[in-house]
Amino acid sequence: MPGTDTSAARPFGRRLLHRLGRPSTGAAVVWVPLAAVVCGLFTGALASRVAWETSRPQPDRAEASAILTMAFPGHDLGEIDTPPALFVVYGHALRPGTVKTLVLGDGGEYQESATSAAAFGAPPVPAEQIVAVARDRLTGAGWTVYDPQVAEGISCADKMCATPLAITDTTLVARRGDTILNASISSQTAADASYLAVELHRAPPPLVVPAGVLGTLLGAVAGWGVFGWASRRSAQRGSAVSVLLGVAVVLWWLPMLLAAPSLLRRHHRGEPHPAWHPFWEWLGQPAASLLFLVGAVCALLGLGMAAGARRES
């Protein structure tokens, strides 16, 4: 009938989607989808980090000793260091005192921990022989061994480097099950430097990928709804809300645009990667956590202003 308000007759679900699923016109058509995508990525990264808690603890001294004795017989690797947590900052478990470290430029030090050991001095046999023996023994024990990466360098026998010596540094990577071995074998001969350094750590547990995918999808849907709603609520209020939310989107995307290509280049140079870097590192986090936090403040201010705006008549 003429004059009848048809909006009231719409099913509730359609009215809700109409209100939550559509950005306003103008710049919001650009920044709302970008905000939705980045919200999905951040949510997926958080979900994958939670899923990391299903990982087995890092190898203890008994497990590490058995692996090191098998792969590197005859080498004195000294004391085996075990980490205090699955992820660490400068070797320490995350705690309130390390928050400043994460925010003020050293967030990249938040990394998966590893059980480690090292042998010092001149290698008792040529470095090439150490690598060959380790490859054979690891392969025989059921490990997948990747092609070694060899880098050449210079070592100085004295402070003035009057007698430079050519050295090689070989990186050996292997994986068996959820355990990854990274070894660095050097031909250096200095008594106070290591010729063999080994780290053992866990690969991402199986739940990391599905948790990241599900978190990304749910976060993107929620971001689309929230930021689309904010763009319409603020349409009559001026550009302040759009500016704040636009700044948040830029601050969130910028680290990602810098970090992801760098990691891709590292993977495509032929370096062995038995496990991919954690999801959040591809987003430039927490290395750029300060930008993320500033963006979050801008987003909260913008959403607060949008919530205070009058509804369209």
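Summary of values
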{"item": "Helices (runs of 4 or more DSSP H) completely within region 212-313 that count 2 or more residues being over 23 Å from the mean Cα position of the chain (by Cα), at pLDDT below 95 and not basic (Lys, Arg)", "result": "240-268, 289-308"}
{"item": "Pairs, first modelled with pLDDT under 90 in region 20-47, second of a type in the set (Val, Ile, Thr) and assigned to a helix (DSSP H, G or I), C-beta under 6 Å, six or more apart", "result": "Pro23/Val29; Pro23/Val32; Trp31/Val249"}
{"item": "Flag for Leu102 being in contact (Cβ under 8 Å) with a residue 12 or more places away in the chain, touching a Pro at 6+ places or on another chain (Cβ under 6 Å), open to solvent by less than 80 Å² (accessible area, probe 1.4 Å) and not in a loop (DSSP other than H, G, I, E, B)", "result": "yes"}
{"item": "Among (1) within 28 Å of the chain's Cα centre (by Cα); (2) modelled with pLDDT of 95 or more, the one test that Arg95 misses", "result": "(2)"}
{"item": "Gly108 vs. criteria open to solvent by 30 Å² or more (accessible area, probe 1.4 Å), in contact (Cβ under 8 Å) with a residue 24 or more places away in the chain and farther than 25 Å from Gly177 by Cβ", "result": "yes"}
{"item": "Selected residue [touching a residue at least 40 places away in the same chain (Cβ under 8 Å) and exposed (fewer than 15 other Cβ atoms within 10 Å of the Cβ)] from Pro204, Pro96, Pro124", "result": "Pro124"}
{"item": "Long-range neighbours under 8 Å by Cβ, at least six apart or interchain, first residue free of Cβ contacts under 8 Å to residues at least 24 places away in the same chain within region 133-149, second in a strand (DSSP E or B) and β-branched (Val, Ile, Thr)", "result": "Thr139/Val145"}
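The values are calculated or read from the model by the stated rules, or taken from the named source; none is laboratory data. Source: prediction; values computed, not measured. Note: ideal-geometry Cβ built from the backbone for every residue, glycine included; neighbour counts use all protein chains shown. For accessibility, only protein heavy atoms count, side chains too; no ligands or nucleic acids. Shrake-Rupley method; radii C 1.70, N 1.55, O 1.52, S 1.80 Å.
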